[in-house]
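Below you'll find the structure, written out as structure tokens, and then a few comments.
The values are calculated or read from the model by the stated rules, or taken from the named source; none is laboratory data. Remember, it's a predicted structure, so these values are computed and weren't measured experimentally. Quick reminder, even Gly has a Cβ in these numbers, built from the backbone with ideal geometry, and neighbours come from all protein chains shown. To get the accessible areas, we keep the full protein, side chains included, count just its heavy atoms, and leave off ligands, DNA and RNA. Shrake-Rupley method; radii C 1.70, N 1.55, O 1.52, S 1.80 Å.
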Amino acid sequence: MAKQLWIACALFFLCVGAASAQDAKTVLQAAQKAMGDVSSIQYSGTGHLNAYGQAYITGGAWPVTNLTSYTKTIDYTTKSAKEELSHSEPVPMVKGGGRPFGGEDKQVHFVSGQYAWDMPGAAPVPNLGAAAEWQLQIWLTPQGFVKGAMENKATAKKGTTGTIVSFMTGKYKVTGVIDAQNMVTRTETWVADPDVGDKSIETTFSGYKDFGGVKFPSMIVQKQEGFPTLELTVTSVKLNPGLTVSVPDAVKTASMPPVKVVDQKLADGVWFLGGGSHNSVVVEFSTYVAVIEGPLGDARSEAVMAEAKKLVPDKPIKYLINTHHHFDHLGGVRAYVAAGATIITNEANVGYYEKLFIAPHTLDPDDLAKNPKKPTIMPVKEKYVLTEGGQSLEIYHIDGDSHAADLMMVYIPKAKILVEADDFTSSTPQVPAPTGVRPAVFSANLMKNIQRLKLDVTTMAPLHGVVVPFSDFQKEAGSGKG
Ligand SMILES: [Zn+2]
């Protein structure tokens, strides 16, 4: 009896499996017929664009900007796309990172096959890390999803709001929902992200309308890690506009530059580690080393840790101090967890970081994914001091900050150095600020905190830009209206 039941079950699942691919074909053909088949498409509109990974409050929504124009052109045959957009900051300014860019920020992005690049001006700038995600974005559009599913042996199953269709493209899974009217209402994929691991990109489509012979949604909302990154009200759609894209030679020949770490001694036992977009500071104590900031990802962290070991041989990196939760500053922290360092961060971040430190990183496994370790996190409320054998550093929460609610700065009293992340970015005639000058309200608030805590600072060591005398910062903060 039991054996018969088992055979019945096995047969049932075999039939369901066989029906699945067949169902997918039927559903996809119906969707293609209902929505309209195109070899290329162009859609335009306005809405909102959000700065992913730059929330004001840890775990909060990505800060919004106004998307004043947006046009995307996709050629499904050549797997190429061009995205042109222009966005501006809301007034009054919303809190969080990814700003300010001042006025209107125009961007042009291209992807063609394995190549991705930006066109900020007349010359192309290779965007080496973006191709996989931008290529996937082609399949996340309604017509693209149907084509991708047809090309990649999709499977189908019944869901609550329609048929769930899934397929693989390379190592990436793409899934979507086709409703009873044969419209694609939702697509989702997952890409590798140094902070969150297998990052979800979910797009919903609503308000389907006839745009001159093709059905296209009038509303597109894309979310990454649960919060909107793009909200687009579609105002026009062009069918088969074509897209001529030739990959520039500068893009074809580009390769990932090696991680560069340039060290500068600031005082006895204090080094500034620059050489890239984000800096770190190494502080030596009698029996251990503390590193301030683990930005970007594993590659940067490994290079910074190697440099720290060269500067201070035979002492372990016991602490990694993280200034705030923004993803560019958090991306390399996992490598320090893997290396066994204790992570010092704002108390607001503890639960959030604990989740990220165990989040699956299957698409691009990093050091911690390969060697999982239980993290040790030291929470800071307003102040925390590390002191040993005449060396000390003081960690302070920056009150009233508009960039990140959890933002902290580090003061090294013996050397009178202040290390801060995103309230002040040094800019000198020789070395312009890599991320643009910060708004006066940021530096003015930082100055207020320095005065409140009566810190005697002579040198600013910003985590973007170069080391400058405190007077440079005073000039900038002085012009601000707090
Ligand atoms: Zn930031």
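Values computed for the structure shown
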{"read-out": "Condition met for Ile138 (of a type in the set (Val, Ile, Thr), touching a Gly at 6+ places or on another chain (Cβ under 8 Å) and assigned to a strand (DSSP E or B))", "value": "no"}
{"read-out": "Selected residue [in contact with a Ser or Thr (Cβ under 6 Å, 6 or more places away or on another chain), open to solvent by less than 10 Å² (accessible area, probe 1.4 Å) and away from the ligand (no atom under 14 Å from the Cβ)] from Ala335, Ala341", "value": "Ala335"}
{"read-out": "Matching residues in segment 416-427 - criterion: being farther than 20 Å from Arg99 by Cα, away from the ligand (no atom under 15 Å from the Cβ) and either crowded, with 19+ Cβ neighbours inside 10 Å or at pLDDT below 95 (or both)", "value": "Ile417, Leu418"}
{"read-out": "Tally of residues being open to solvent by less than 40 Å² (accessible area, probe 1.4 Å) and either part of a loop (DSSP other than H, G, I, E, B) or within 27 Å of Pro194 (Cα to Cα) (or both) across segment 244-274", "value": "11"}
{"read-out": "Residue within segment 292-315 that is of a type outside the set (A, V, I, L, M, F, W, C), farther than 22 Å from Val259 by Cα and open to solvent by 10 Å² or more (accessible area, probe 1.4 Å) present", "value": "yes"}
{"read-out": "Segment 170-185: number of residues that are over 22 Å from the mean Cα position of the chain (by Cα), assigned to a strand (DSSP E or B) and touching a residue at least 24 places away in the same chain (Cβ under 8 Å)", "value": "4"}
{"read-out": "Segment 151-161: number of residues that are free of Cβ contacts under 8 Å to residues at least 40 places away in the same chain and closer than 22 Å to Tyr76 by Cβ", "value": "2"}
{"read-out": "Some residue of segment 153-174 being within 16 Å of the ligand (Cβ to nearest atom) and within 22 Å of Gln222 (Cα to Cα)", "value": "no"}
{"read-out": "Ala359 being open to solvent by less than 30 Å² (accessible area, probe 1.4 Å), more than 16 Å from the ligand (Cβ to nearest atom) and touching a residue at least 12 places away in the same chain (Cβ under 8 Å)", "value": "yes"}
{"read-out": "Matching residues in segment 128-173 - criterion: being within 21 Å of Asn240 (Cβ to Cβ) and hydroxyl-bearing (Ser, Thr, Tyr)", "value": "Thr141"}
{"read-out": "Strands (runs of 3 or more DSSP E) contained entirely in segment 53-125, each with at least 1 residues that are farther than 24 Å from Ala254 by Cα and in contact with an Asp or Glu (Cβ under 8 Å, 6 or more places away or on another chain)", "value": "64-75, 80-88"}
{"read-out": "Residue list for segment 59-88, filter: more than 27 Å from Gln143 (Cβ to Cβ) and open to solvent by 30 Å² or more (accessible area, probe 1.4 Å)", "value": "Gly59, Ala61, Val64, Asn66"}
{"read-out": "Whichever residue in segment 428-448 is within 16 Å of the ligand (Cβ to nearest atom) and not in a loop (DSSP other than H, G, I, E, B) and, among such residues, is surrounded by the fewest Cβ atoms within 10 Å (Cβ to Cβ)", "value": "Val441"}
{"read-out": "Matching residues in segment 304-316 - criterion: being touching a strand residue (DSSP E or B) at 6+ places or on another chain (Cβ under 9 Å) and more than 14 Å from Gly269 (Cβ to Cβ)", "value": "Val304, Met305, Glu307, Lys309, Lys310, Pro316"}
